[in-house]
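Structure record follows, encoded as structure tokens.
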Amino acid sequence: MRYLTAFFLLPSLLLHAKDFPVEDVVSLESAAKIASPGDRIVLREGVWKDAVVKFQGKGTAQAPITLCAAIPGKTIFTGASALRMAGEYLIAEGLWFKDPDSSIGDSIEFRVDSKHVATHCRLTNCAITMSPEAANKTDKESRWIGLYGSHNLVDRCLVEGKVTKGTTLVVWLGGENTGHHIIENNYFGPREKLGKNGGETIRVGDSKTSMETASCIVRQNLFVRCDGEAECISNKSCGNLYQGNSFVEVSGTLTLRHGNGCIVEKNGFFGHGAKGTGGIRIIGEDHIVRENYLESLTGDETRCGITLMMGLPNSPANGYFQVKRARVENNTLVNCKHPILIALEGDKVPGKPSLPPIECVIIGNKIHGAETQVVEARCDLAGIRWEANHFHGKALGIPETEGIAWGKEPDIQRLKALDRKAVQPSWWE
């Protein structure tokens, strides 16, 4: 009987849903105050300059409140515009933030202020872009998307062209900000090299909250030439999943910088021989890196195919924790210049990293590269167990070891990157 009641409730809610056409910020916020579950606030077509939108409300899972463009992609926010969204079950859809002015701060935040955050809210089918003509007007640090609260979703969005300092998308933790967000099916387009820290495309957490469990999912996103800094994705929390993403000509890595117990699986890294392209860097405890595909990566040191770092004794929160119990399993590396590096020392931290990886397993991996040294080790390998690996290259780089079949070219199943049309907004051309 409970299921039957729920079945009839949804058509009833939608039957009484209303559309509120709005022409400006004042009428928008007035509409938001009276909007009920299932209602839509419909923004006029055209340019909205210096418009700071506060979208608050309380929808339901069956009938969210939606803030949308009258025609997807034709409502364009410019200048010092921003979206602040707080409440429950809200959707922002079809909006375009063009050439954001960093003087306003972050462009889109899943909160209105520190006391009013978003839960079960969604940003979908939107775009944030910066043209070359608008770049370098300000050097103020800002982010484009800030995820606060919990259980929010960012999907089918296009994000490209950021040149100013500040991570493109950040997940914030602490207090009411408990994570459990999903970032999926988005296109992250080119970002030029920043030349300093703060150029990540995605950061999940920060040093201060890095031991909190965020349980975020980052999956099926396409990253193209996101070259802001050495870390394209910077994980700084625990229990996150990075799955099925494609990295194309990205001069950077997916870095498990802080935090423990994350899974990196079934991602594709396609360097195409571009300069500095990298793969996966491992720091911390109990990470699983499995079934990833890495091809034609040219990076070294922090940008090798798979890198296990050295740990810092009594490491501070922003240092380098020892790699413990990492499982590197069933990955395929093809024609990467530096496939595996073990015991890279981090820099810019007090003290000397001296703790090698321990209790780690490297199992079932395939590596092929006729001109490469497959493994570079800078520490004793007593903490590494090798099992059922098949490596081929110019040199193994370490003494022949049980668990490594060496010399015969392994069978390789090549993969392709995600199709951009499958992840960008439906209205984008």
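The values are calculated or read from the model by the stated rules, or taken from the named source; none is laboratory data. Quick caveat, the model's predicted, so the values are computed rather than measured. Remember, those area values only see protein heavy atoms, side chains included, never the ligands or the DNA or RNA. Shrake-Rupley method; radii C 1.70, N 1.55, O 1.52, S 1.80 Å.
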* Quick one: pull the percent of accessible area on the chain belonging to carbon and sulfur, 1.4 Å probe, ligands and nucleic acids left out. => 50 percent
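Calculate the translational D of region 58-191 in whole µm² s⁻¹ from Stokes-Einstein, where the hydrodynamic radius comes from the Kirkwood formula applied to all Cα pairs, the temperature is 25 °C and the viscosity 0.890 mPa s.
So the translational diffusion coefficient is about 165 µm²/s.
What whole-number value in Å² describes the accessible area per residue of the chain for a 1.4 Å probe? Each step should come with its number before you reach the end.
Details: 18370 Å² over 429 residues.
Per residue, the chain has 43 Å² of solvent-accessible surface.
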* Asked: Amide H of GLY393: which non-local residues (sequence gap of 5 or more, or other chain) have their own amide H closer than 5 Å, using H built in the peptide plane?
  -> GLY369, GLY407
* To do: Would you pull out the residues with amide H under 5 Å of ASN221's amide H, same chain only if 5 or more places away, H placed 1.01 Å from N?
  => ASN185, ASN186, ASN245, SER246
* Hey, what angle do you get for helix 2-15 against the long axis of the chain, alpha-carbon based, 0 to 90 degrees rounded to 10? -> 60 degrees
* Asked: What percent antiparallel are the DSSP beta bridges of the chain, to the nearest 5?
  -> 5 percent
* In whole Å, how far is the Cα centre of region 23-57 from that of region 83-147? -> 15 Å
* Karplus-derived HN-Hα couplings along region 318-335 (A = 6.51, B = -1.76, C = 1.60, θ = phi - 60°), whole Hz, x at Gly and Pro -> 9, x, 10, 7, 4, 6, 10, 6, 6, 10, 10, 9, 6, 8, 10, 10, 10, 6
* Asked: If you line up the Cα atoms of the chain on their principal axes, what length do they span on each, largest first, in Å?
  -> 72, 59, 42
* To do: Mind running the shape call on region 304-429? Use the C-alpha gyration tensor, a ≥ b ≥ c as the square roots of the eigenvalues: rounded below 1.5 for a/c, prolate if a/b tops b/c, oblate otherwise.
  => oblate
* Could you list which residues have their amide H under 5 Å from that of ARG385, counting only those 5 or more apart in sequence or on another chain, with H placed in the peptide plane? => CYS360, VAL361, ILE362
* Relative to the first principal axis of the alpha-carbon coordinates of the chain, what is the inclination of helix 25-34, with its axis defined by its Cα atoms, in degrees from 0 to 90 and to the nearest 10? -> 80 degrees
